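The values are calculated or read from the model by the stated rules, or taken from the named source; none is laboratory data. This is a predicted model, so every value here is computed, not measured. We place every Cβ from the backbone using ideal geometry, glycine too, and count neighbours over all the protein chains shown. Accessible surface areas use protein heavy atoms only, side chains included; no ligands, DNA or RNA. Shrake-Rupley method; radii C 1.70, N 1.55, O 1.52, S 1.80 Å.
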Amino acid sequence: MLNCPLRYCNHFRRFNAVIANNGLETTFLGNSRKYNKDKGDCCKDISQTEGKRIEEWPKCDPPPPAWTANCPRDPQPPNYDPYRIKVPDVVVPPLPPSNAKPMIDCARTKGPCSVKPIPDPPPCPPPPPPPFPWNYVWSIVSFFGLMGLIYKLYLWREMQIKLGENVVKWRPRRKVKAPIHSNDLPACVQYLIIGTGAAGWAAYRAIMEHDKTAKVFFITREDCLPYIQPPMSKHMWWNPEPPDIKTLNYIEDGRRHTMYLADCKTFLDPVKFYRKKKGPAVSIATGWCVLRVDADDHVAWVKTMCGEQPIYYERCLLAPGARALNLSIFKSAPKSVRDKVCTLRTIRDLEIAYRQVKASKHVVIIGGGFLGCELAWHLGRMNKEVERHEDEEPIKIVHIFKDKGIMAGVLPEYIGEWAAEKIKREDVTVVPKTQVYDAFETPDGRLELTLSNGSSIVTDYVFVAIGTEPRVELAEPSFLELDPVNGGFLVNTELEARTHLYVAGDAASFYSQWKDTRLRLNHYGNAEEQGYVAGANMTGYWVPCNMEPHFRLTLGNSLDMEGVGEIGACMSTVGIFKPCNVDTKPQAPAAGDGDRPCYKKSEEYQNRYKRGMLFYLRDETIVGFLFWNMPPIDDRYEVATEILRARPTYKDINLIAELLGFPETKCDYLSEEQLKEPGPCIKK
């Protein structure tokens, strides 16, 4: 134990340790020593190579081993590596045989090479035999086959001609809209006219007259341009060919006329119309239907494939017109029966009815009004005017009406019975005081009508002309008022139903200031006048509609009837007629000559009501005139209107007749050819 402090005396001589800049310094009991330089006796430096053999580095290559001629007897693996270097175990393919030696030998000997000579090419094969000319065979077979097919078609056509089955079945044309797409309709217009009848076109003329820069847009349910309706029941039936929808021409007084009121060039395309900033401009959308009109927001909603499309307007006119009435027996009849019945209201009806009538042998007309009388007279005249084949028989026409005479709602009975004789003279069978009770199809495909007199008629085609009713489908969805008495839209004297929304034509029930009552007129002339008044008011004028009812019925040279004012068969009437051929009396038949001749066919009866005037009275006041076969005068309607506004009485009948030119009326008038004076004779 005592040796321990002595053993480690050198190590613990100093206790404090001080780290100096040049090395480690230990301080113990006041003495210090640096070990990195002066180690003293305590630590000795020992060499690293002490007791070891020093070899040079890097080592030099060992001497190559001595070569021995002994080959290894054991088979060696491929790619034997005596140094055991990791080489992939890959077998190298053998090299191709070298041709160096033959080429060297050839070069030394300078003779023919040892390469084998190239053999001669094999001989060419013999040419194949020419193919069989199948194309000529097929051509000949095809030619004769085609000729045989044509011959078979020829024989089939000849057989069809013999059997009479080669008649092509005509079908009505498709209804095409213009413009086709609803996106082409204008978004907003200045003047919007719904309907292209007489009132709509007259309103357009009034708008263009008062507003030179107006932009007018038409919307119509029909798929054609605006046209006039009266020729549909008159001269259109005298055409030898069916009506052409492109022209709609007819002949009257030796001149060619058209039913169209305007040409296609008059109307702009709807897209160009909308892009045009300033008028005058007019466009039309045919085949489109207006579902409702919002008068508060000035919007008309058009029916499209996707629902409704709005068209905003500044002024709008409703001129929907009227639809033809039909008998209930035909409404509930099968389609085969309804296809043989026509009401004749539109151009499409005329296109279908014309071909049906021309292909028929028997036609029946039901109704004794304006349309029924015109159809009966002109169809009867058609058998005389239109040329037909020698073997073709004239069409038998039957006119059925429920009263004793025609125009029973307007004419007194004796005048209507006299006018019916004019239709009889055109070889038309008149059946008065008769109604149709039932209709059904016969086994041979014709139509049989059961009449109220107990008989029946078998016919091919039927016209129903029993009147019209106004189109008021827009009233309920548009919140417009209807007239419960007269029918139609309720409008004021200026034909305005709501603010900037007007109604004119057959569907307007307007208030007349002069008569202090409401009127609804369904005649062509009145529709034109109402349209003109409505068009003027749409441009800013304030024109009252105080017109008098006006109509005209013309049956060639047989009858010319013109009425002004309130006219009705139930009213009191006073008639004055010209005494034409008073001395002519029917001759009594001799004894044994048979039955007494018909008085209605006598000359006296035909001349009794040849020319005259009828005055219609209400409470001893004249409220209407009827000019019966009077010579035409241009301003007769205006003069008669002024006379009616003076409220004349029955005491003024003679004076009024003198003012209207009745005393100067002649029984017979010369034709235009007879009135022409012969020119001077130029002698040779």
Original post:
Residues of region 606-651 being among the charged types (D, E, K, R), farther than 23 Å from Pro579 by Cβ and part of a loop (DSSP other than H, G, I, E, B), which ones?
Top reply: Asp619, Glu620, Asp634, Asp635, Arg647
Original post:
Do any residues in region 518-536 that are over 13 Å from Gly200 (Cβ atoms) have Cβ atoms under 6 Å from those of residues that are among the acidic types (Asp, Glu) and crowded, with 20+ Cβ neighbours inside 10 Å, where the two are at least six apart or on different chains, and which pairs are they?
Top reply: Asn522/Asp506
Original post:
Within the set of pairs 6+ apart or on separate chains, which have a first residue in region 331-352 that is within 14 Å of Ile366 (Cβ to Cβ), a second that is polar (S, T, N, Q) and assigned to a helix (DSSP H, G or I), and C-beta atoms under 7 Å apart?
Top reply: Leu344/Ser233
Subject >> Gly505, sole failed condition from (1) modelled with pLDDT under 95; (2) surrounded by fewer than 16 Cβ atoms within 10 Å (Cβ to Cβ) >> reply: (2)
Original post:
For region 223-248, which residues satisfy the criterion of being more than 25 Å from His523 (Cβ to Cβ), of a type outside the set (Asp, Glu) and open to solvent by 40 Å² or more (accessible area, probe 1.4 Å)?
Top reply: Pro240, Pro242, Ile245, Lys246, Thr247
**OP:** Pick out the one residue from Lys303, Lys278, Lys272 that is in a loop (DSSP other than H, G, I, E, B), open to solvent by 70 Å² or more (accessible area, probe 1.4 Å) and among the charged types (D, E, K, R).
**Re:** Lys278
Original post:
Where in region 431-493 are there strands (runs of 3 or more DSSP E), lying wholly inside it, with at least 3 residues that are under 30 Å from the mean Cα position of the chain (by Cα) and loosely packed, with under 15 Cβ neighbours inside 10 Å?
Top reply: none
Subject >> Residue among Tyr151, Tyr191, Tyr136, Tyr204 that alone is modelled with pLDDT of 90 or more and over 30 Å from Cys264 (Cα atoms) >> reply: Tyr151
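Condition check ((1) under 16 Å from the mean Cα position of the chain (by Cα); (2) among the aliphatic types (A, V, I, L, M); (3) exposed (fewer than 15 other Cβ atoms within 10 Å of the Cβ); (4) assigned to a helix (DSSP H, G or I)) across all residues:
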position	(1), (2), (3), (4)
Arg173	yes, no, yes, no
Val176	yes, yes, yes, no
Leu192	no, yes, no, no
Ala206	no, yes, no, yes
Glu209	no, no, yes, yes
Original post:
Quick check, is Tyr541 modelled with pLDDT under 95, open to solvent by 40 Å² or more (accessible area, probe 1.4 Å) and under 16 Å from Trp201 (Cα atoms)?
Top reply: no
